[in-house]
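Peer 1: Sending over a structure as structure tokens; questions will come in a sec.
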Amino acid sequence: MKCVLCLQRALLGAVVACVMVPVALAAEAAPGTIVGLVTNAARLPVAHATVTAVRADGGAIRATVSASDGVYSFADLPPGSWVITSQRDDSQQVTTPALTVVSGKATRYDIVMNVAATPASPGAATAPALAAAAATPAAASPVLAAAAPAIAPTVPEALQAPAPGPAVDTQTPFAVGDIGWMNGTSRETTPIFDTKFFTPEIRFDTNYLQDFNNPVDHTIVGSTEEFRSGEFQIEQVSFGGNFHWENVQARFLSMMGLFAVTTPRNDASAGVGQWDLQGAYKYLSEANAGYHFDVDHGLNVDAGIFVSYIGLFSYYNFDNWTYQPSFVSSNTPWFFNGLRVQWFPTQTLKIEPWLINGWQSYAKFNSRPGFGGQILWIPNDSFKMVLNTYSVGEDNLASGSGVPNNGGNPNASIGLPNPGAPYVNYAHVTRVHEDDSLLWKYYDGKGDSGTGISKMAMSITGDIGCEYGGGVSCSRGPNKESFLGLMAYDRTWFDHDIYAVTIGGGVMNNPGRYLALLPPINGATAATGSPYFTENPGQKLYQWDMQLNFQYMPKDWITWWTETTFRHSDVPYWSGPGGVTPPAGNNGSPAALVCNNNSAAGADNCANEGGTWFPDLRKRELIWGAGVMVKF
């Protein structure tokens with residue numbers, strides 16, 4: 001009996017072995033699956049993309065086409081390493097890293113292509129289609145089933161990425177090639193992130209500056225970009241961007257950092273009337289909205305605060321060849337508040353009229369607003385001409401510069417220190433100004449230069465303007481108010497535009513000082529004036545400066561820089577070692593002389609208060625600086 005049982009067991013074992021060994025061998029040879037979605041950057045499906053699977057050892061190749069919902073699959077791939085590539089039409093080919101196919105299992109891999117979306121048909125369900133594609137031989141894969149619902153294309157149309165532009169753009173204004181080399185222009189060619197509704201913008205600017213006059217109060221004078229010496233300071237932090245939907249457009253950019261308080265202090269119009277306009281606008285850099293008309297190559301009508309670009313340099317240091325621009329830019333406005341029309345009759349020409357409150361002013365000084373405009377011509381990627389004109393505006397406080405503000409009384413007049421000079425009625429003083437610039441890229445190595453130089457360009461800007469009426473004259477008499485400025489820069493880029501060196505500077509002749517930046521002595525602003533640096537008609541001011549700047553730009557959205565600036569004035573103007581702050585701090589009366597006991601001068605002119613305090617102003621200034629700027 002025992003022998004019979006042993007024989008039965010041996011036969012049963014042989015039968016089991018004969019059945020299970022082929023099953024196991026068959027399992028080892030079972031194919032695997034690669035399945036996934038082809039989408040664009042907005043996670044919307046891309047249909048009709050050719051997807052190719054090539055075995056790493058070159059022993060096999062498979063091809064398929066993505067469906068209308070973006071799904072692709074390879075259901076019968078032998079186990080091993082496979083490389084997946086995808087392409088649609090003439091788009092750039094996308095190649096994946098090697099994927100490992102496991103016998104009897106599904107491998108999930110989604111492909112993102114830089115192409116326009118192909119929306120799925122109504123009612124299409126991407127997740128079920130993806131599950132069905134993976135059903136052979138791995139329909140039960142829990143990883144695949146869990147992942148599929150998360151990638152359904154549910155992005156609203158407004159937040160989808162814009163469709164790519166045509167290969168040759170003959171419609172978009174100034175689409176004439178790369179113009180990011182131009183002074184006052186951001187070098188980014190495309191936004192880092194963009195949607196059909198909103199294009200964000202973020203700016204950050206921090207610096208360290210050293211004034212070799214070593215002012216004890218760390219205050220730098222006469223600049224719209226450099227303010228504090230011997231300190232790390234945040235110049236600008238801005239958030240915002242452009243909104244655009246169905247021809248309606250709006251732009252908003254906040255302003256925080258030193259710019260938020262230094263720019264408004266140069267606007268005297270806040271001294272007219274009430275409601276604290278400086279407080280209302282100090283955190284706004286740009287805020288405007290309007291409508292785009294499909295006329296010619298575009299017609300935009302916008303209202304609000306917008307940048308002026310008079311003086312070639314941009315308001316924002318990231319866009320500029322140097323950090324500290326010369327006087328033609330520093331002494332002309334960064335922003336306008338009013339109405340702007342932009343007409344593009346051709347792809348290379350813009351005509352832009354303005355109706356604004358005044359010359360960099362939140363409010364209107366007297367009875368007439370300002371009128372002006374810009375003509376911009378960029379015929380190709382090597383040349384730019386921009387012409388700016390401003391006229392008509394009555395842009396002085398009626399109380400005049402250098403005397404206590406009286407709230408902008410339009411009937412006020414002042415007497416001048418010049419013997420025999422007539423009284424000036426600032427209610428009837430009108431400003432005109434012309435600002436013209438040329439930029440020329442005279443060498444472009446196209447990235448192939450063996451010398452290391454990739455580009456060379458230069459710019460030249462000239463300004464002429466004056467004020468007249470109310471006892472003031474443009475060209476003659478003791479109450480002359482005029483402005484003549486010139487600046488020129490040359491810039492060389494190296495190593496495929498990663499490094500750049502700029503040298504340049506300018507001169508300014510300003511009888512009447514009507515565009516001179518008022519030194520902030522004892523906290524003085526353009527509205528208060530200062531008895532220590534008066535800005536009356538007929539008072540002369542001649543200044544010149546030079547800058548040498550080096551920039552390192554490893555990415556389009558970051559700039560490291562260092563710069564040296566020398567400036568000279570024919571009258572004491574720049575901060576000296578003693579600074580421009582009274583020993584006990586600002587006394588709250590910037591329009592009056594300060595006594596040595598820190599009180600405001602009375603009728604005795606400080607005779608009974610220890611004498612008169614004076615700021616330390618010098619004729620020369622040397623500043624070295626460095627910093628980092630970011631723009632997304």
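Peer 1: Under 20 Å Cα to Cα from Lys631, which lysines show up? Leave out anything in the same chain fewer than 8 places away.
Peer 2: Lys555
Peer 1: Sticking with this one: Can you flag which of Lys384/Lys455; Lys350/Lys384; Lys364/Lys540; Lys282/Lys350; Lys480/Lys619; Lys196/Lys384 are past 18 Å Cα-Cα?
Peer 2: From the list (Lys384/Lys455; Lys350/Lys384; Lys364/Lys540; Lys282/Lys350; Lys480/Lys619; Lys196/Lys384), the Cα-Cα distance tops 18 Å for Lys364/Lys540; Lys282/Lys350; Lys480/Lys619; Lys196/Lys384.
Peer 1: Taking the alpha-carbon centroid of each part, what is the distance from the stretch 231-293 to the stretch 494-528 in angstrom?
Peer 2: Centre-to-centre (Cα) distance: 21 Å.
Peer 1: With labels modelled as points extended 7 Å from the Cα through the Cβ direction, what inter-label distance (nm, one decimal) is found for Ile453 paired with Glu231?
Peer 2: Result: 4.2 nm between the two label points.
Peer 1: How would Leu515, Leu37, Leu355 line up from fewest to most surrounding beta-carbon atoms within 10 angstrom?
Peer 2: Ranking Leu515, Leu37, Leu355 by Cβ neighbours within 10 Å, fewest first, gives Leu355, Leu515, Leu37.
Peer 1: Can you sort Val112, Val429, Val307 so the residue with the fewest Cβ neighbours within 10 Å comes first?
Peer 2: Lowest to highest Cβ neighbour count: Val112, Val307, Val429.
Peer 1: Express the relative contact order of the stretch 567-632 as a whole percentage, based on alpha carbon pairs under 8 Å and six or more residues apart in sequence.
Peer 2: The value is 41 percent.
Peer 1: Hey, what do the phi angles of the stretch 499-510 turn into as Karplus ³J(HN,Hα) couplings, whole Hz, using 6.51/-1.76/1.60 and θ = phi - 60°, x for Gly and Pro?
Peer 2: Running phi through 6.51 cos²θ - 1.76 cosθ + 1.60 with θ = phi - 60° gives 10, 8, 10, 10, 10, x, x, x, 10, 9, 10, 9 Hz.
Peer 1: Now a separate question. Can you compute the FRET efficiency between Asn586 and Glu434 using 1/(1 + (r/R0)^6), with r the Cβ-Cβ distance and R0 = 56 Å? Round to the nearest 0.05.
Peer 2: Given R0 = 56 Å and the Cβ-Cβ separation, E is 0.90.
Peer 1: How far apart, in nanometres, would the label points at Leu159 and Asn597 be if each is projected 7 angstrom from Cα along the Cα-to-Cβ direction?
Peer 2: Inter-label distance under the simple model: 6.7 nm.
Peer 1: Report P(r) for the stretch 230-351: all Cα-Cα distances, bin width 5 Å, range 0 to the bin holding the largest distance, values in whole percent.
Peer 2: 2, 10, 16, 20, 20, 15, 10, 5, 2, 0, 0
Peer 1: Let me ask something else about it. Fewest first, what order do Phe193, Phe327, Phe336 take by the number of other Cβ atoms within 10 Å? Numbers along the way, then the final one.
Peer 2: Numbers: Phe193 12, Phe327 29, Phe336 26.
Fewest-to-most Cβ neighbours within 10 Å comes out as Phe193, Phe336, Phe327.
Peer 1: Now a separate question. Given Cβ point charges of +1 (Lys, Arg) and -1 (Asp, Glu) and nothing else, what value in debye, to the nearest 20, does the dipole of the stretch 251-329 about its Cα centre take?
Peer 2: 320 debye
Peer 1: Another one. May I ask you to compute the full-extension gain from Thr206 to Val65, defined as 0.36 nm times their residue separation minus their alpha-carbon distance, rounded to one decimal in nm?
Peer 2: 45.7 nm
Laboratory data are not the source of any read-out in this text; all were calculated from the coordinates shown. Owing to the predicted nature of the structure, the values given are computational and were not obtained by experimental measurement. Neighbour counts run over all protein chains shown; Cβ positions are idealised from the backbone, glycine included.
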